[in-house]
Amino acid sequence: MSTFDFDRVVDRRGTSCLKYDFGLQRAGREDLLPMWVADMDFALPENILARIRERIDHGIFGYTDPDDRYYKAAEGWFERRYGWRIDRKWISVVPGVVYGIAAAIRALSDRGDTIIIQEPVYYPFREMIEENGRVCVSSQLVEKDGRYEMDLADFERKIREHNVKVFILCSPHNPVGRVWSREELKAVGGICLENNVRMIVDEIHCDFIFPGHTFTPFASLGEVYAKNSVFCTSPSKTFNMAGLQIANIMIPDDQMRRAFRKINSANGYSQANAAGLAAARAVFEEGDEWLDALRDYLAGNLDYMRSFLKEKIPGLRMIEPEGTYLVWVDFSGVTGSYEDLLHLVRDEAHLWLDEGAIFGKQTRLFERFNIACPRSVLKEALERLEKAVQGRMEGK
Ligand SMILES: Cc1ncc(COP(=O)(O)O)c(C=O)c1O
């Protein structure tokens, strides 16, 4: 029995949160149950809240920098959880991973350079590339019997053909849920090394790994791989504190790190969010137990969803995630058009999911579900979907 109550439904409306408040405002609809943005509906545990309160109660929030205790806490976390010995000098604290990716893109490439990604993938990768005046090329992941794989031949060919300068790797992969194996990482990292392609490695989902799978920090492949990469990590996904704006961008290579810091400084960013630093330190020091219990709960949610779809909505095909708390579902068994899929999900099931179309052109008949919510909310969402799909079957 977990000592944490992940079943508790916390009403988030009225907290200016994107998922509920602005989400519904944007869509202009009150009837949609939000299961879109990767933001969890669980409150942090008391031990962490007490640490944040302690900092708040001090009452002064002037310019603040990460100190020795912060770095020790971060080093402790990665070593304890992954056996990954980081060096504190690699770390730049920034407000978010997407901010870090944008800065890394500018540090590692010039305007007009080409950057490669593997779609379907977290859509801000493409946005950050294009909005920063770089050219985006995609090497599509390939689905084989419900599991996505990298197409390494296509990847290497595109790198050569387009004179690619940078690769943005998503590990674990959002939205397809792959936890890349050591062999896969070595293969893709090796191609980058051979072709002089620098890597931005987004490991923000690394703490969400389902039973039976193991996360391999890309840096653990060896120094030559680590020194070719910018690592993007953050406790914001793991502990749902994106609103506190702390991410750790780690860059082992001195020259690359200097280039990144120059861009960071040109952006006018210097000190970090004081509450965010206190919260990050607290979770790095005291968050293990809650995270382990949360992972068990999410595995239970995944079991629930798998059984529900199998029994009640067999027309939907779930891609089994190995990590993240996002579930990628193929709707092509129930509809053949993107417009109709939108209608089914929004107007008939009254759900707000993330559409496959935003992750890449070839996945327009997919939807991404966020299952980091109390089981009762997940049940409600799936029942809405079942009713909508059933309604269609009966109408046929
Ligand atoms: C792969 C990936 N990277 C980055 C982010 C966002 O990071 P941040 O909020 O720190 O910018 C997300 C959020 O869902 C994500 O899935």
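One table, with the values for the structure above:
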read-out	value
All positions within region 79-89 that are part of a loop (DSSP other than H, G, I, E, B), surrounded by fewer than 20 Cβ atoms within 10 Å (Cβ to Cβ) and either in contact (Cβ under 8 Å) with a residue 24 or more places away in the chain or not charged (D, E, K, R) (or both)	G83, D87
Some residue of region 274-287 being under 21 Å from the mean Cα position of the chain (by Cα), surrounded by fewer than 22 Cβ atoms within 10 Å (Cβ to Cβ) and away from the ligand (no atom under 13 Å from the Cβ)	no
Some residue of region 268-287 being of a type in the set (K, R) and touching a residue at least 40 places away in the same chain (Cβ under 8 Å)	yes
Test for R157: is it crowded, with 20+ Cβ neighbours inside 10 Å, of a type outside the set (S, T, Y), over 23 Å from P217 (Cα atoms) and assigned by TED's automatic domain parsing to the domain that holds G276	no
Candidates S139, S181, S109 - the one that is under 17 Å from K361 (Cα atoms), in the same structural domain as S220 (by TED's automatic domain parsing), among the hydroxyl-bearing types (S, T, Y) and more than 16 Å from the ligand (Cβ to nearest atom)	S139
Residue check, F215 within 16 Å of the chain's Cα centre (by Cα), within 15 Å of the ligand (Cβ to nearest atom), farther than 17 Å from Y70 by Cβ and assigned by TED's automatic domain parsing to the domain that holds S92	yes
The listed residue being closer than 26 Å to V197 by Cα, assigned by TED's automatic domain parsing to the domain that holds F215 and either out of contact with any Ser or Thr (no Cβ under 9 Å at 6 or more places or on another chain) or surrounded by 12 or more Cβ atoms within 10 Å (Cβ to Cβ) (or both), out of Y70, Y99	Y99
Hits in region 320-363 - residues which are part of a strand (DSSP E or B) and away from the ligand (no atom under 16 Å from the Cβ)	V329, D330, L351
Tabulated pairs, region 90-102, first within 10 Å of S234 (Cα to Cα) and touching a residue at least 12 places away in the same chain (Cβ under 8 Å), second assigned to a strand (DSSP E or B) and near the ligand (Cβ under 6 Å from one of its atoms), C-beta under 7 angstrom, 6+ apart or interchain	V94/A247; P95/A247; G96/A247; V97/D202; V97/A247
Per-region count, region 17-54, residues in a loop (DSSP other than H, G, I, E, B) and away from the ligand (no atom under 16 Å from the Cβ)	8
Count of region 108-127 residues which are hydrophobic (A, V, I, L, M, F, W, C) and assigned to a strand (DSSP E or B)	3
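The values are calculated or read from the model by the stated rules, or taken from the named source; none is laboratory data. What you are looking at is a predicted structure, and each value in this text was computed from that prediction instead of being measured. So basically every Cβ, Gly included, is an ideal-geometry build from the backbone, and we count neighbours across all protein chains shown.
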